[in-house]
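The values are calculated or read from the model by the stated rules, or taken from the named source; none is laboratory data. Since the model is a prediction, treat every value here as computed from it, not as a measurement. Cβ coordinates were reconstructed from backbone atoms using ideal geometry, including for glycine residues, and neighbour counts include every protein chain displayed. Surface areas here come from the heavy atoms of the whole protein model, side chains and all, with no ligands, DNA or RNA. Shrake-Rupley method; radii C 1.70, N 1.55, O 1.52, S 1.80 Å.
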Amino acid sequence: MDKELLAAHVEEVLREAGFSTSDRCYLRPRSFDLAARRDDQFLFLKILSNIDGLNERTALEIRRLAKHLLASPILVGEKTRDQYLERGAVYFRYGIPTLSLFTLADCLLEGALPLVYAAHGGLYVRIDGDRMRQIRLARGISLGALATELGVSRRTISKYEVEDMDTSVDVALKLEEIFNEELIEPVDPFQTEAVAEVKGPVTDNILRLLLEIGFEVVPTAQAPFNAITREGKLVVLTGVGKFSQSIIKKARLMSSLSSVARTKSVVIVDGETKLECIEETVLIEKRELEDIDETRDFEDLVAEKKSK
């Protein structure tokens, strides 16, 4: 299945699951392909037929964007190397949870989270170690007896219980058979570890004006906007550039993304324009920005232009 067909199927699953989706990102370079929201669940999706096509730099940008916009980064793919992704398993590519189309559908349509995750050496599961220990003690089963039945060491059993050490699928199923209880914990691909933030310098002159006003500015390299600008609860997808057809396309895509992300969308035009807005994206001339001293004035200008 090529990427375009896979992306169409992903959008179909999202719509069926009650998500609103942004326009697909068609501007290059692009780190992610689609944004989707269902109530407070917000997803940044990258779609690749072969997940090995995602490089570390792009993955880092997706994770940074997701962190600042309170989203879950997800990679949807078909295969890795020459193997197809297993249904019901979570893979990871540079820290981004990776699912097949069928696993995504199971999660979003059926609420069935995966029980298995892939790592070096095979497929693994997570054991509820505390529950396992409680059941073992209640039934009077010693560490040694359980270890013998499983064919592992006492230390391994102790690690399952105390350190929540993950194990192979075979061992986990054997444990559940011994205790006749469910011990495998599902893997939630939408709960991910936040990326450590390494802030680089803001080199763009227009974005530096926003810094001087008092905004936090997070520059981007591969997104359809140039920065995420924020101050308190105000979050703005921010684009910069001279007025042109490419800026109009960028503003339209930013408008779609901001609607799903529940942010503002602004393009700072280096020059003049007679337009106040392009769809939901507000256009502010650089000279207007230079007259602003506080973030509140910026917010008021955005509201004024939208009202027109």
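Can you find a residue that is under 30 Å from LEU54 (Cβ atoms) and polar (S, T, N, Q) anywhere in region 198-211?
Within region 198-211, the first condition is being under 30 Å from LEU54 (Cβ atoms), and the residues that meet it are 198-204, 207.
Applying the additional criterion that residues be polar (S, T, N, Q) yields 203.
Looking through region 198-211, at least one residue is under 30 Å from LEU54 (Cβ atoms) and polar (S, T, N, Q).
Looking at SER72, is it in contact (Cβ under 8 Å) with a residue 60 or more places away in the chain and more than 20 Å from PHE102 (Cβ to Cβ)?
Against the criterion (in contact (Cβ under 8 Å) with a residue 60 or more places away in the chain and more than 20 Å from PHE102 (Cβ to Cβ)), SER72 does not qualify.
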- Going through region 249-287 one residue at a time, which ones are closer than 30 Å to LEU45 by Cβ and polar (S, T, N, Q)? SER255, SER256, SER258, SER259, THR263, SER265, THR281
- Can you find even one residue in region 18-28 that is under 30 Å from ALA227 (Cβ atoms) and out of contact with any helix residue (DSSP H, G or I) (no Cβ under 8 Å at 6 or more places or on another chain)? yes
- Task: Output the residue which, of all residues in region 271-285 that are crowded, with 16+ Cβ neighbours inside 10 Å and out of contact with any strand residue (DSSP E or B) (no Cβ under 6 Å at 6 or more places or on another chain), is nearest to ARG24 (Cα to Cα).
- Result: ILE278
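For every residue, the table says whether it meets (1) of a type in the set (D, E, K, R); (2) in contact with a Pro (Cβ under 7 Å, 6 or more places away or on another chain); (3) in a loop (DSSP other than H, G, I, E, B).
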| residue | (1), (2), (3) |
| --- | --- |
| VAL195 | no, no, yes |
| ARG208 | yes, no, no |
| ALA223 | no, no, yes |
| ILE248 | no, no, no |
| SER265 | no, no, no |
| LYS274 | yes, no, yes |
| LEU283 | no, no, no |
| LEU289 | no, no, no |
| LYS306 | yes, no, no |
- Out of the residues in region 227-258 that are surrounded by 18 or more Cβ atoms within 10 Å (Cβ to Cβ) and among the polar types (S, T, N, Q), which is nearest to GLU280 (Cα to Cα)? SER255
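Name the residue that is nearest to the chain's Cα centre (by Cα), counting only residues in region 1-17 that are among the acidic types (Asp, Glu) and surrounded by 12 or more Cβ atoms within 10 Å (Cβ to Cβ).
GLU11
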- Going through region 150-167 in order, the residues found to be exposed (fewer than 14 other Cβ atoms within 10 Å of the Cβ) and not basic (Lys, Arg) are GLY151, SER153, VAL162, GLU163
- Item | Of all residues in region 93-122 being modelled with pLDDT under 90 and open to solvent by 70 Å² or more (accessible area, probe 1.4 Å), the one that is nearest to the chain's Cα centre (by Cα) | HIS120
